[in-house]
Every structure is written in C-alpha cells, then in structure tokens.
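S.K.: First the structure, which I've put down as structure tokens, then a few questions once you've had a look.
The values are calculated or read from the model by the stated rules, or taken from the named source; none is laboratory data. Just so it is clear, the structure is predicted and the values come from calculations on it, not from any experiment. We place every Cβ from the backbone using ideal geometry, glycine too, and count neighbours over all the protein chains shown. To get the accessible areas, we keep the full protein, side chains included, count just its heavy atoms, and leave off ligands, DNA and RNA. Shrake-Rupley method; radii C 1.70, N 1.55, O 1.52, S 1.80 Å.
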Amino acid sequence: IWIYFILKYSTIEIAVTDRQVICKQGIISVDCATMELAAIEGIRIKKSLLGMILGYGTILICGRGGKNIGIPLLCNPEKFKAQLYGLAERNGKK
C-alpha cells in the first residue's frame, strides 16, 4: 500500500504558463488536466492537522462549467494560490 501512494504522489507534475495550468499525475494510467487562467473561478486550500504543522495541503482549482483540478500534497499552498492569482491579474484575465 505504501509503494502505491509513494508512486502516486511522486509522479505529479505541475506547470503554470502565462495562459494555463497543467497537472499531470500517474505512472501506469496518466491523468492530465489543463485549465485556462481565464476560466479559473476560485481556488480552495484543504489542509489536515498534519498538513498545517508540516506546511502542505491540497489545492483545488475550480473553473467554469464545474471543471476542477486537484493538486494533492503541495508544499506551501498559500504561496501557490497567491502566485496563481497574481499571474491571472497580471495578464488581465481575472
């Protein structure tokens, strides 16, 4: 079971460009989700007690049409959220 979770969470790739957010996860079956910055309606941060102590959490990027991208076990999710909102505002899309 531990090997499964280690492989699952160690294969997460995140890319943020000036137009979109891309999240790719998996080894055997790969899930790749993309969302345009202009389509982002909100960003939620979910932290457990251990996550608050160690400084990590899960980001849920909510977009138009009910599309969501979840990024688990992200270190310093508040900083990621602020930078993502800043990028969207800088490009005039939010």
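S.K.: Does residue 23 meet the test of being open to solvent by 50 Å² or more (accessible area, probe 1.4 Å) and modelled with pLDDT of 90 or more?
M.R.: So residue 23 does not fit the description; no.
S.K.: Further question: Could you tell me whether residue 45 is at pLDDT 90 or above and either part of a strand (DSSP E or B) or surrounded by 15 or more Cβ atoms within 10 Å (Cβ to Cβ) (or both)?
M.R.: yes
S.K.: Among the residues of the stretch 50-80, which ones are of a type outside the set (A, V, I, L, M), in a helix (DSSP H, G or I) and open to solvent by 60 Å² or more (accessible area, probe 1.4 Å)?
M.R.: Of everything in the stretch 50-80, those that are of a type outside the set (A, V, I, L, M), in a helix (DSSP H, G or I) and open to solvent by 60 Å² or more (accessible area, probe 1.4 Å) turn out to be 64, 65, 66, 78, 79.
S.K.: A further question on this structure: Please enumerate the residues belonging to the stretch 15-42 that are free of Cβ contacts under 8 Å to residues at least 60 places away in the same chain, outside any strand (DSSP E or B) and not β-branched (Val, Ile, Thr).
M.R.: 26, 29, 37, 38, 39
S.K.: For the stretch 5-14, give me each residue that is open to solvent by 70 Å² or more (accessible area, probe 1.4 Å) and either in a loop (DSSP other than H, G, I, E, B) or acidic (Asp, Glu) (or both).
M.R.: Passing the criteria: only 13.
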